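What follows is a short report on a single structure.
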Amino acid sequence: MTQPATAVRHVRAGAREDGQRIDNFLLRQLPGVPKSHVYRLLRSGQVRVNGGRAKPERKLVEGDEIRIPPVRMAEKGEAVRPPDDVLNRLREAVIHEDEHYLALDKPAGYASHGGSGLPYGVIESIRAWNKYEFIELCHRLDRDTSGVLLLAKSRPALLRAQKAFKEGTTEKRYFALLVGRWKGEDRDVDAALVKNNVAGGERYVDVDEEEGKPSRSRFSPQARYRDATLCEVQIFSGRTHQIRVHALALGYPVAGDRKYGDRGFDKAIRDKGLKRMFLHSHFLKLAADGALPKLLLNAPLTDELRDVLSRLPTISTTGSSARRAR
């Protein structure tokens with residue numbers, strides 16, 4: 001059931017909206033309206049900023065006047081409230097909080113945000129705590145990836161983090177179990193990535209040097225097993241599925257990756273207890289920026305993933321990060 005269409009609204013961007021993308025602004029202004037419809041409004045020119053058309057990536061400036069066309073809104077009661085066990089699980093996952101940021105050790109199985117058939121994700125759940133006047137994701141992790149997830153508690157903090165991610169001045173490190181015996185030591189992958197949609201709307205990412213966006217990762221072996229290698233992966237960009245596709249390009253897909261992985265290996269390792277993708281964001285560093293201090297966040301491997309490693313025959317271990325992982 002939906003409410004009647006709203007009237008045309010003209011909203012002026014305030015200080016809190018300064019620097020916010022117009023698509024994200026509309027998603028907050030139009031709760032219950034499907035994301036696809038919001039983008040359709042932008043593409044058709046029905047949304048205007050200072051009288052002109054606006055692309056989804058346009059960033060608002062304080063004082064901008066936004067025309068929001070009539071839309072049918074979902075009834076307030078239709079919004080899905082995350083279950084209490086989800087809200088409590090995420091409260092338990094908090095690893096850092098200060099006046100600027102909230103950081104979680106996100107459990108695997110939790111999407112960063114709702115959409116694509118998911119009624120809620122981490123950000124919707126944290127908003128359901130009704131604790132913060134402002135809370136936004138600084139970046140995203142795949143649903144099946146665990147580890148450090150950063151959220152901002154103010155727009156200046158959000159813009160600082162987004163700038164650092166965009167310019168590659170953050171330090172982001174993951175642990176990934178890769179299929180196969182690694183040959184040699186550290187290897188860099190510098191391969192452009194492009195998103196492609198296949199039948200059914202499922203999204204895949206491919207290496208494409210002509211159409212893709214630049215991306216770079218460094219893979220450092222930490223522990224070698226008979227049929228797999230634990231790597232620490234530092235990423236210097238933040239493309240969708242970057243580690244997973246770069247690992248595949250090297251010939252060592254991520255264990256448990258249902259989209260890009262090795263089905264035969266994954267079936268065998270399930271007997272070792274791996275029920276998910278073995279990819280964990282364990283370290284994030286933001287350099288100091290003006291009044292915002294340096295931020296260092298750590299999330300050790302989960303007991304679940306450590307148990308999987310303990311069941312794999314070890315060939316040798318290298319590097320201090322292997323000791324941290326184990």
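Just wondering, is there one or more residues in segment 196-203 that are over 20 Å from the mean Cα position of the chain (by Cα), at pLDDT below 95 and in a strand (DSSP E or B)? Within segment 196-203, none of the residues are over 20 Å from the mean Cα position of the chain (by Cα), at pLDDT below 95 and in a strand (DSSP E or B).
For segment 161-190, a residue qualifies if it is among the polar types (S, T, N, Q) and assigned to a loop (DSSP other than H, G, I, E, B), and the qualifying residues are T169, T170. Filtering segment 34-58 to residues that are free of Cβ contacts under 8 Å to residues at least 12 places away in the same chain and open to solvent by less than 20 Å² (accessible area, probe 1.4 Å) leaves only G45. Just one of the listed residues (E232, E167) is within 29 Å of L286 (Cα to Cα) and touching a helix residue (DSSP H, G or I) at 6+ places or on another chain (Cβ under 9 Å), and it is E232.
Whether a residue is closer than 17 Å to F283 by Cα and open to solvent by 10 Å² or more (accessible area, probe 1.4 Å) was assessed, and Y174 passes this test. Pairs are defined by a Cβ separation below 7 Å, a sequence spacing of at least 6 or placement on different chains, a first member in segment 83-109 that is surrounded by 15 or more Cβ atoms within 10 Å (Cβ to Cβ) and in a loop (DSSP other than H, G, I, E, B), and a second member that is of a type in the set (V, I, T) and at pLDDT 95 or above; the pairs so defined are A108/T145.
Of all residues in segment 141-157 being free of Cβ contacts under 8 Å to residues at least 60 places away in the same chain and touching a Cys at 6+ places or on another chain (Cβ under 8 Å), which is surrounded by the most Cβ atoms within 10 Å (Cβ to Cβ)? Within segment 141-157, the match that is surrounded by the most Cβ atoms within 10 Å (Cβ to Cβ) is L151. Have a look at E133, E124 and point out the one that is over 20 Å from L284 (Cα atoms), part of a loop (DSSP other than H, G, I, E, B), at pLDDT below 95 and open to solvent by 10 Å² or more (accessible area, probe 1.4 Å). Within the list E133, E124, the selection yields E133.
The values are calculated or read from the model by the stated rules, or taken from the named source; none is laboratory data. Being a predicted model, the structure only gives us computed values, none of them experimental. Glycine gets a Cβ as well: all are built from the backbone with ideal geometry, and neighbour counts include every protein chain shown. When the accessible area is computed, the model is the full protein with side chains, heavy atoms only, and any ligands, DNA or RNA have been set aside. Shrake-Rupley method; radii C 1.70, N 1.55, O 1.52, S 1.80 Å.
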